[in-house]
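The values are calculated or read from the model by the stated rules, or taken from the named source; none is laboratory data. Being a predicted model, the structure only gives us computed values, none of them experimental. Methodologically, a virtual Cβ is constructed for each residue, glycine included, from the backbone with ideal geometry; neighbour enumeration extends over all protein chains shown. Areas reflect the complete protein model, heavy atoms only, side chains present, ligands, DNA and RNA absent. Shrake-Rupley method; radii C 1.70, N 1.55, O 1.52, S 1.80 Å.
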Amino acid sequence: MAPAVFAAETLNKIEEIMARYPTRRAAILPVLYLAQEEFGCVDDRALMAASKVLGVSKADVYGVATYYSMFETKPFGRNVIHLCDNLACSLLGAESLQDHLERKLEIQMGQTTTDGRFTLKNAECLGACAQAPVMLVNDDFYEGLTDAKIDEILAKYE
Amino acid sequence: MEKILLNRVHLKNSRSIDVYLAHDGYKGLKKALGMTPQQVVDEVKLSNLRGRGGAGFPAAMKWGFAAADPKQPKYLLCNADEGEPGTCKDRQIMEGDPHELIEGMVIAGYAFGAEHSYIYLRAEYPKVVSILETAIAEAEARGYLGANILGSDFSFSIRVHRGAGAYICGEETALIESLEGKRGQSRIKPPFPVNVGVFGLPTVVNNVETLANVPHILLKGGAWFAGIGSPKCPGTRIISLAGHVNKPGYYELPMGITFREVIYEYGGGIRGGRKLKAFIPGGASASCLVPEHLDVQMDYDAVAAAGSMLGSSAMTVMDDTTCMVKVAARLMRFFVHESCGKCTPCREGTEWLLKLLDRIEGGEGKLGDIDMLRELCGLISGKTFCPLGEGALGPVQGTVKYFEDEYRAHIEQKCCPLKERHVRQ
Amino acid sequence: MSGNDLINVTFNDKAYQVPAGLSVIQAADRLGICIPRFCYMEKLSPLGGCRMCLITVQGIPKLQTACTTPARDGMVVITESEEINEARKAMLELQLAQHPLDCFHCDKATRCDLQDLTYLFGDIQHRYDFPRKELETIYENPLIERNLARCVHCERCIRVCEEIQGADAISASRRGRPTEMREIPGGGECQHCGHCIDVCPVGANLDRLFSHRGRPFQMEAGGSICPYCGCGCTLSLNTREGRIMRVWPRGHEGVNHGSLCARGRFGWGFVNHPERLARPRIKKNGQLVEVDWDEALLFVATRLEKIIREHGAQSVGGLGSARATDEANYLFQRFMRCVVGNNNIDSSARFGYTAGLMGRLGVAGEVREATLDDVRRAARLLVIGADPVETNPILGLAMKAAIRRGATVVVADPRTTLTSRWASQHLRIRPGSEVPLILALGGRLLKEKELSAFSTDNLVTRIGLTTDAVADLAGMLEGEGAQQTVVLVGRGVTQAPYGASAVATLLRIVASRRASYLLTVDRNNERGSCEAGVLPDRLPGLAPLSERERFEKVWGQKVPEQPGLSAYEMLQAAREGKLRAFYIMGENPVEDFPDTGFVEQALSSVEFIIVQDLFMTPTAVMADVVLPSASFAEKAGQFTNLEGQVQSYTAVIPPVGEARPDARILVELSRKMGKGFPHKNILEVREEMNGLVPLQESKRQLSANGLSHTVPGPEVQWGPIEDSDFPYLLLTTASLYRNGAESNLAVGLLKGQEKAALRLHPADAESVSVSEGDSVIVTSKTGEIQVSVRVDDEIAPGTLQLAEGFADANPRTLLGHALDPVTRAPMARYVQVKMRKI
Ligand SMILES: Cc1cc2nc3c(=O)[nH]c(=O)nc-3n(C[C@H](O)[C@H](O)[C@H](O)COP(=O)(O)O)c2cc1C
Ligand code: SF4
Ligand code: SF4
Ligand code: SF4
Ligand code: SF4
Ligand code: FES
Ligand code: FES
């Protein structure tokens, strides 16, 4: 098992981030984002590493990490699809898009493809209701989705 | 009608500081720095600018409270958490005209004496982080931000802080907790943030749209702003229009216009020529309204009188194919997911409501379930710690009120009476 | 607003006055008006989550929560009405909706707030008709089970763990309805104080040692005092049929204010341990065999008399006990002085409290001694050579409370400890530099000639600090704020060469700055044993032997004039064959005294050894007579805590087997030896003692006449001398989970931490190629132990840290016993060792 510490480079980044706040603890969200990136998810090692740099107990880091939807305590795919299924997107067909995605990727919501390429998740309103239905793949936004558009989009991700 | 907030977003390279400067950019700031902070507060007071985050609190009053607190340093927090389902107005400003927000923040900071600020940005807008950071760097490079702004004694910093996916962090005290690195749950008030805010210091939390108005007010005067739209809540609002309309989108409109105009003129009417069944006037917490309310004016009081609320002015329109039980259940699922869990009524009550709604929608409802929904709303109402729990009742109360027959039909026919189903559980 | 301003409030149409600054629920509590609650607790910050305390405040249409609403002058409050009742019932119906309702097998049943409130309101509806949450019990903590489904989400446990214990071991995880209050798997941050069990209003956090040992109404509760460390916490022993079932704090009572540490809470397991000695034993043909009391006492009397007759009274040594009661110690010294006829009396306090005491006696006039409450209120804390969080956990909590109120804490210690981790500043001085550091402070602050040599830069560098750091430290005792400074002094100072002189110097600084001080005290009654007269040169109340006439009058017996030998002097004498008999009451020198090899060797030369103890300790094994004594729970007595508070307690359960209280054994033995003590019961002993040493506000009026201390010259060798054969320096520490032999027999503490762990820096671990959990052999000039390692990058490279108290890897085996010239105690806080992997 890899050690429960951040790489030196990440630590530098963290120090830089911490300088933006009057307390170390305030950097917990950015540190957790980095931890999730470095360790693949917010697992025990990530918690330990984050707890150490932040000077916050592991239990508290865990409490924070599990509070927010963006952090996963279990490993996930290389690409994360957040399909919005809140009201506006639902009204315009998010339901059938979900069926399409699940069929195409052969997984259910919340699961990861066996090749680790995609993790499929529902999202609450993504703030693009006027372009509904929408999804977020990693950091990229896709609007006005149709089954065909989804096929095209997914092809872009390795 | 002339746009104020979105008057630059259609320009080419609208995000760049050069385009911004070429179109009146940072002129408000220059003017403000020539005034005393108190004069800036007074100008905004004259404009009667009210908060666009939902509560409609007068901006100048909040600044005045924070300015009066002797503790230093003070903080300005820009609330860019925009999590209310249906809402996407702040994003238009940040993506299309980030300097408008930055300029507004610097002026606000100057007005009440803040040195530092953070933009608390919702996690689901990852691309906006770099847009804002680029704009901040540009502003710093040109001396509109940072130490000794435009040669004055005033220094001000802005940092972007990305949230991590929790709707409740849009509530200002939860936002503060979250920024401090805790589980973002609402705080006990008093003390209020203007006295004991982030890191224990005086803090003003303002919505993106609120702040974006400020440069315009400074530039054109408070009196000019006060004359736009409704006198009680002057200015424009960016309305997010979504759902079964032909032309969904963002429309910056003066307050006081009717829903009919929004849906039929700007939104181009219901898609496929279908009939309007219901519409939600102000985000997920707002109770739905029905066609008979089409002529209600869009202002806080009129919408409240109609039994709903204007909230974040996010409208979702539903045609006659929509199952209203499913709509209620879908929105309730949102609240169950977003309840922070601190208080008993919201934590326990929302989940119970959802189970009832799911049961009815799934054709397994009992006859008493509709009454139970009403009574459960009664158990919860007025007792939650923060407004989220109260807001969670909106979708149930509206749909039960206007569509009780549809609920009953679900129970009696043991299935959804509508053929087409759009809303997934 | 000053603290005693009163405001006018109206509750339910009646006018009252309450102090300003309270919340409505606090005001109501003080007025005896009952407002139901789950989440509110006076000692915790308010949460406002459960919504049970809803009330009406005139002028506000919505119901308000009493726990989050400040009481204001002129406020009109209604706490009972139809609306309020309905609202509270609504909260209960919602709480009960998913509750598993498994009261039938819940340890909390009949003491549960959820049951009580539901019962109180009577007609709560149960309309929730979906499946309830499944019972889910988490057993990640060896001592605490967490029944997640029973949780009412009041977050008391989380707040108490953070705000009082400072452990942050539990947190709320996830959000909304799925929120769980728990530790993280393998978290390891829990300090097993058990607070989270106490505060839980329902059966969601439960004591695993107790689990199903009885319904609350089958328990009897008896007050007692914790037998472990010098804090002297008030306990409530829950017993059933004469056996302890669990231990609680006693409300908010006692110096501990309702808190306990792991030892107090979970350390009771030795009391009913199967290995407790039940009958006296005497050695016959090389075997210890059980006999009745009469035979045993007669045997002791005869042998002692013979030895005294043949070899003189001086040939008998006596160890009283830093753990036994004041009364037992008082009788023990009287026994040695009047019945045996010498002053050879000492205890393990010799290498703890006694040095501090000798320092104190070296200062003429007032020096303010802090109480735990003073520590809680302190604005500055200067901690030198002490680790209160582990040695005296409740003192540690007092320190944390002060920190929470904004106190600055500076810790000067070569070790990384739980205390140093809390410090605003940790000055990592060189090992062995506590004394020169204090002398350097004296040089700055007292401006005395003998001390001036210690403020030279050269010396300061040897301490391992910069002159500026020493100046900062001195700053803690300067200016207006100095009166709010409390100096905590531990064994790093008292057990160092010239420790007593250093304490004297430090206390002179403290006195001159009107600050206050407190000595940490490892064993529960070190202070009481000294004050009871278990010292070779002091009578009860610390009276010098020259005042013996006063005592002789009361005792009607002669007191020898010559000072006796101290503990190690007796051992030395034993080794030289000069000590023929040794009476050891409640001490375990073979395990508990530094340089165990030396101790064992010394004792093996003694002809006749009497050991009075609860267990067959390694010392008892060497004895000729073993007398079973009653544990703290089985007898009455007094302990004197680290503040000097004399606290009495009574028996809660009958003694195991034929075990007897120490005091009774001594009285009976005195009678067998023809110089019988008159006392019929413990109260008569106490009365006699109080007559000689009066109490004032439960502290003893001591004869604090001066000792004179010479300040050592700067040429003294302070730290260790490098020795390439023994390249590492092992520093001893304390552990929350151990304190004496009994703690190694308490199942709760074994569960808390099973074995000792040697903490070392990753680089040192690497140099002997070990990683976390591997075992090493550590060897010093005097002994060898085997222990597993824990790698910790906060430990100073080149040093190893090992806690005292673990029977499986005892650092006292490695320590030397070079005696301090002043205290004649072993100077043994560290030792040079080598280490190899197994
Ligand atoms: C549950 C909840 C969610 C909220 N979400 C947001 C939000 O996403 N953005 C926002 O600006 N205000 C939000 N608010 C309102 C804020 O608490 C606060 O009133 C606002 O940021 C103040 O800014 P303003 O005075 O400029 O409107 C929310 C309030 C509640 C109760
Ligand atoms: S109403 Fe209560 S549970 Fe819901 S979000 Fe607010 S504080 Fe949390
Ligand atoms: S026993 Fe003490 S330290 Fe452990 S979780 Fe409970 S409160 Fe925290
Ligand atoms: S475990 Fe007990 S104390 Fe902790 S939140 Fe649940 S009910 Fe409250
Ligand atoms: S060991 Fe000390 S601190 Fe712990 S409960 Fe006992 S007396 Fe209190
Ligand atoms: S509902 Fe999907 S983006 Fe708003
Ligand atoms: S006691 Fe006041 S809300 Fe819980």
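Centroid-to-centroid, using Cα positions, segment C:732-799 and segment C:430-500 are 30 Å apart.
The label-point distance for residue C:452 and residue A:23, in a model that sets each label 7 Å from Cα toward Cβ, rounds to 4.9 nm.
The rule of thumb for compact globular proteins, 2.2 N^0.38 Å, goes into the C-alpha radius of gyration of segment C:477-569 1.39 times.
With the alpha-carbon atoms of segment C:6-80 aligned to their principal axes, the span from lowest to highest coordinate is 27, 27, 17 Å, starting with the largest.
Counting only residues at least eight positions apart within a chain, or on another chain, the lysines with an alpha carbon under 25 Å from that of residue B:275 are B:247, B:326, B:401, B:419. Across the cross-link table entries B:277/C:89; B:342/C:89; B:366/C:108; B:27/B:189; B:355/B:414; B:3/B:31, which are compared at the Cα atoms, the separations over 26 Å belong to B:277/C:89; B:366/C:108; B:27/B:189. Farthest towards the positive end of the charge dipole of segment C:354-519, among the residues C:438, C:482, C:395, is the Cα of C:395, using unit charges on the Cβ of Lys, Arg, Asp and Glu. Other residues lying with their Cβ under 11 Å from the Cβ of residue C:93 contribute a combined charge of -1, Lys and Arg counting +1, Asp and Glu -1. Only protein heavy atoms count here; under a 1.4 Å probe, residue C:157 has an accessible surface of about 10 Å².
If you model the protein assembly as shown as an ellipsoid using its alpha carbon gyration tensor, with each semi-axis the square root of five times an eigenvalue, the axes come out at 69, 35, 29 Å, biggest first. Each residue of segment C:476-493 is assigned a 3J(HN,Hα), and the resulting list reads 4, 10, 10, x, 4, x, 4, 5, 8, 8, 10, 9, 9, 10, x, 5, x, 8 Hz, derived from the Karplus form 6.51 cos²θ - 1.76 cosθ + 1.60 (θ = phi - 60°), x at Gly and Pro. Taking the Cα centre of chain C as origin and assigning +1 to Lys and Arg Cβ atoms and -1 to Asp and Glu Cβ atoms, the resulting dipole is close to 680 debye.
Phi angles across segment A:59-66 convert, under the Karplus curve 6.51 cos²θ - 1.76 cosθ + 1.60 with θ = phi - 60°, into 3J(HN,Hα) values of 4, 5, 4, 4, x, 6, 4, 7 Hz, Gly and Pro given as x. Extending 7 Å from the Cα toward the beta-carbon at both residue C:793 and residue C:121 defines two label points whose distance is 5.2 nm.
Projecting the Cα atoms of C:65, B:73, C:626 onto the charge dipole of the protein assembly as shown (Cβ charges, centred on the Cα centre) puts C:626 farthest toward the positive pole.
With the Cα gyration tensor of chain B giving a ≥ b ≥ c as the square roots of its eigenvalues, does the rule (a/c under 1.5 for rounded; else a/b larger than b/c for prolate; else oblate) give rounded, prolate or oblate?
Working: a/c = 2.22, a/b = 1.65, b/c = 1.34.
Because a/c hits 1.5 or more and a/b exceeds b/c, chain B counts as prolate.
With coordinates expressed along the principal axes, the C-alpha atoms belonging to chain A extend over 47, 33, 25 Å, beginning with the largest. For segment C:574-727, please report how many Lys pairs fall under 23 Å Cα to Cα, leaving out neighbours fewer than 8 apart on the same chain. For segment C:574-727, the number of qualifying lysine pairs is 4.
Placing pseudo-labels 7 Å out from each Cα toward the beta carbon at residue C:81 and residue C:763 gives an inter-label distance of 7.1 nm.
Comparing Cα centroids, segment A:51-80 and segment B:139-161 end up 34 angstrom apart.
Considering the convex hull of the alpha carbon atoms of segment C:732-838, report its projected area averaged over all viewing directions, in nm², one decimal.
Values: hull surface 28.9 nm².
So the Cα hull casts an average projection of 7.2 nm².
Based on DSSP loop calls and a cut-off of at most 11 other Cβ atoms within 10 Å, the longest stretch of chain B free of exposed GluC sites (Glu not before Pro) is what? The partial results should precede the final answer.
Numbers: sites that count: B:2, B:420.
Result, exposed sites excluded: B:3-419.
Chain C has equivalent-ellipsoid semi-axes of 47, 32, 28 Å, by the square roots of 5 times the alpha carbon gyration tensor eigenvalues, sorted largest first. Other residues within the sphere of radius under 11 Å centred on the Cβ of residue C:233, judged by their own Cβ, net out at +2 (K and R +1, D and E -1). Taking every Cα-Cα distance in segment C:354-519 and sorting them into 5 Å bins starting at zero, the pair-distance distribution P(r) comes out as 2, 10, 20, 24, 23, 14, 5, 1 percent.
Shown is the FRET efficiency for residue B:414 and residue A:140, computed with R0 = 56 Å from the Cβ-Cβ distance and rounded to the nearest 0.05: 0.85.
The base-10 log of I(q)/I(0) for segment C:60-177, evaluated at q = 0.12, 0.21 Å⁻¹, reads -0.61, -1.36 [Debye formula, identical scatterers on Cα atoms, solvent excluded].
Lys and Arg at +1, Asp and Glu at -1: add these up for the other residues within a Cβ distance under 12 Å of residue C:242 and post the number. Let's see the in-between values first.
Values: positive: C:240, C:243; negative: C:220, C:241, C:634.
Net charge in that neighbourhood comes out at -1.
Note on residue B:297 and residue C:838: with the Förster distance fixed at 51 Å, the Cβ-Cβ geometry gives a FRET efficiency of about 0.05. Rounded to the nearest 20, the size of the Cβ-charge dipole of segment C:354-519 about its Cα centre is 220 debye, with Lys and Arg at +1 and Asp and Glu at -1.
Segment C:581-612 and segment C:1-71 have their alpha-carbon centroids 60 Å apart.
Helix A:44-54 axis versus longest C-alpha principal axis of chain A: approximately 50°, rounded to the nearest ten. The charge dipole of segment C:685-838, taken about the Cα centre with unit charges on the Cβ atoms of Lys, Arg (+1) and Asp, Glu (-1), comes to about 400 debye, rounded to the nearest 20. Calculated [222 nm] ellipticity per residue, helices only, for chain C: -7500 deg cm²/dmol; basis is -39500 (n - 2.57) per DSSP H run with n ≥ 4, divided by all residues, nearest 500. Placing a label point 7 Å from the Cα of residue B:195 along the Cα-to-Cβ direction, the residues of segment B:39-65 with a backbone N closer than 16 Å are B:62-65. P(r) tail, segment A:79-155: Cα-Cα pairs separated by more than 20 Å, 18% of all pairs. Which residue, chosen from C:225, C:800, C:340, occupies the Cα position most advanced towards the positive end of the dipole of chain C, where the dipole is computed from +1 (Lys, Arg) and -1 (Asp, Glu) charges on Cβ about the Cα centre? Checking the options against the dipole of chain C, the answer is C:340. Within segment C:683-763, the trypsin sites (Lys or Arg not before Pro) that combine a DSSP coil assignment with at most 16 other C-beta atoms in a 10 angstrom radius are C:755. Using bins of 5 Å that start at zero, the share of Cα-Cα pairs per bin across segment A:8-67 amounts to 4, 22, 36, 25, 12, 2, in whole %.
For residue C:617, no residue whose modelled amide H falls within less than 5 Å of its own remains once neighbours fewer than 5 places apart on the same chain are excluded.
Its residue count N sets the reference 2.2 N^0.38 Å, and the alpha-carbon radius of gyration of segment C:549-663 equals 1.25 times that reference. Across segment C:50-59, coupling constants 3J(HN,Hα) worked out from phi with the 6.51/-1.76/1.60 Karplus curve, θ = phi - 60°, read 6, 6, 7, 8, 4, 9, 10, 10, 4, x Hz, and Gly and Pro carry x. If the Kirkwood radius is taken over C-alpha pairs of segment B:178-311, then at 37 °C and 0.692 mPa s the Stokes-Einstein diffusion coefficient equals 190 µm²/s. Shape summary: segment B:1-126 maps onto an equivalent ellipsoid whose semi-axes, from the alpha-carbon gyration tensor, are 24, 19, 14 Å in decreasing order. Of all aspartates and glutamates in the structure, those lying under 16 Å Cα to Cα from residue B:12, and not within fewer than 8 positions of it along the same chain, are B:24, B:95, B:97, B:100.
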